[in-house]
Amino acid sequence: MTRYEELFGRLSERGEGAFVPFVMLSDPTPDVSLEVIRTVIEAGADALELGVPFSDPVADGPTIEASHIRALAGGATVDGCIEIIKRVRQEFPDIPIGMLIYGNVAFTRGLERFYADFKEAGADSILIPDVPVREGKLFADTANAAGIDPIFIAPARASERTLEGVARLSQGYIYAISRDGVTGTEKASETLGLDEVVANVKRFGGAPVLLGFGISEPHHVKEAIAAGAAGAITGSAITKIIDRHVSRETADGDAESTPSRVDDMDALRKELTEYVSAMKAATC
């Protein structure tokens with residue numbers, strides 16, 4: 001069994017859903033992001049979604065876009081992110097690790113090497129948000145050959161053809177988005193449509209459904225699971241917590257080229273722990 005299969009089976013037996021926080025690697029530094037990952041796992045995260053910084057994150061709203069910029073300003077590289085994943089996998093051998101990485105990174109590295117490198121580091125799945133499922137077969141085939149679960153997005157108002165393709169090609173889980181648009185808590189999940197969103201995806205079978213986009217409060221998690229999802233993914237709310245603890249000092253007012261720092265890691269850990277614990281409690 002894969003780590004995802006073991007996780008979803010275990011949670012189903014306990015009558016729980018999965019809470020999956022998103023963390024941008026190297027935001028604002030590699031050491032801080034590693035501490036953030038340790039903290040969210042210890043606070044109850046069931047799996048991880050980890051981002052690799054990219055200069056043009058078209059699927060992300062302003063909050064997560066800022067985390068890309070902070071990480072890149074601090075010198076983040078793909079190889080450096082791979083080293084962080086290796087450390088996480090060494091410390092936490094059982095937790096599923098999903099990656100969110102933009103397509104240019106895969107193309108630049110070469111698809112076979114790209115998937116092989118992340119598999120060797122310890123990743124379980126990779127979602128490339130700017131590759132739609134209609135263009136995804138090459139990516140899915142290459143991922144499967146490397147032993148990586150390919151993940152595709154099921155849009156809230158997708159056609160039957162798209163949903164069938166997402167269900168057919170996705171392994172590990174399906175990322176269903178609860179509303180149109182980019183990531184962010186500025187616009188909440190469209191609660192009244194969650195049942196329909198999940199039901200539309202599940203009509204075609206496939207992997208368990210995790211809901212994302214606009215999920216920032218415990219009641220959003222409860223509503224996602226009540227709608228039939230296996231769990232929920234939260235990104236911008238986690239990133240906002242980190243943002244509140246990041247130093248604002250910049251050189252010459254240029255935030256995009258000046259490394260940031262966290263001055264009080266204990267305070268950051270405390271706020272993350274309280275938030276993740278509350279979100280995980282909502283899955284029961």
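If r is the Cβ-Cβ distance from residue 77 to residue 141 and R0 is 22 Å, what FRET efficiency results, to the nearest 0.05? All intermediate terms of the calculation are to be shown ahead of the outcome.
On the way: r = 27 Å, r/R0 = 1.23.
It comes out at approximately 0.20.
In order along the stretch 57-68, the Karplus-derived 3J(HN,Hα) couplings, from 6.51 cos²θ - 1.76 cosθ + 1.60 at θ = phi - 60°, round to x, 5, 8, 9, x, x, 5, 6, 4, 5, 5, 4 Hz, and Gly and Pro are given as x. Taking GluC sites (Glu not before Pro) in DSSP loop conformation with at most 14 other Cβ atoms inside 10 Å as exposed sites, the chain has its longest uninterrupted site-free stretch at 1-185.
Note on residue 58 and residue 134: their simple-model spin labels are 1.3 nm apart, each label 7 Å out from Cα toward Cβ.
All other residues with a Cβ under 13 Å from the Cβ of residue 174 taken together, and with Lys, Arg as +1 and Asp, Glu as -1, what is their net charge? List each step's numbers first, then the result.
Working: positive: 168, 202, 203; negative: 149, 164.
Neighbourhood net charge equals +1.
Please report the antiparallel percentage of the DSSP beta bridges confined to the chain, to the nearest 5. Intermediate values should be presented prior to the final figure.
On the way: 1 of 26 bridges.
So the antiparallel bridges in the chain amount to around 5 percent.
Leaving out same-chain residues fewer than 8 places away, which lysines sit with a Cα under 20 Å from that of residue 86? Result set, ordered by chain and number: 119. Where (1) 112; (2) 174; (3) 123 are the candidate values, the label of the one calculated here for volume of the Cα convex hull per residue in Å³ is (1).
Calculate the FRET efficiency for residue 86 and residue 219 from the Cβ-Cβ distance with a Förster distance of 41 Å, rounded to the nearest 0.05. If you can, show how the numbers build up before the last one.
Details: r = 37 Å, r/R0 = 0.89.
Once rounded, the FRET efficiency stands at 0.65.
Using a probe of 1.4 angstrom and keeping all protein chains present, the accessible surface of the chain works out to 42 square angstrom per residue. Measuring nothing but how far apart in sequence close Cα pairs (under 8 Å, 6+ apart) lie, relative to its length, the chain scores a relative contact order of 23 percent. What the phi angles of the stretch 146-156 give under the Karplus curve with 6.51, -1.76 and 1.60, with θ = phi - 60°, is a coupling list of 8, x, 9, 6, x, 10, 10, 8, 9, x, 4 Hz, glycine and proline written as x.
A crude spin-label estimate for the pair residue 284 and residue 271, with each label 7 Å from Cα along the Cβ direction, gives 2.6 nm. Proximity of backbone amide H atoms, modeled 1.01 Å from N, is registered between residue 24 and 51 at under 5 Å, excluding neighbours fewer than 5 places apart on the same chain. Computed from label points 7 Å out along Cα-Cβ, the spacing between residue 2 and residue 113 is 2.5 nm.
Could you tell me the distance between the Cα centroids of the stretch 199-239 and the stretch 43-81, to the nearest Å? About 21 Å separates the Cα centre of the stretch 199-239 from the one of the stretch 43-81. Each stretch of four or more DSSP H residues adds -39500 (n - 2.57); spread over every residue of the chain, this sum gives -14000 deg cm²/dmol at 222 nm.
Please give the length that would be gained between residue 35 and residue 263 if that part of the chain were fully extended, namely 0.36 nm times their separation in residues minus their C-alpha to C-alpha distance (nm, one decimal).
Result for the pair: 80.7 nm of gain on full extension.
The values are calculated or read from the model by the stated rules, or taken from the named source; none is laboratory data. Being a predicted model, the structure only gives us computed values, none of them experimental. Ideal geometry is used to build each Cβ from the backbone, glycine not excepted, and the neighbour counts take in all protein chains shown. These accessible areas exclude ligands, DNA and RNA; they are computed on the full protein's heavy atoms, side chains included. Shrake-Rupley method; radii C 1.70, N 1.55, O 1.52, S 1.80 Å.
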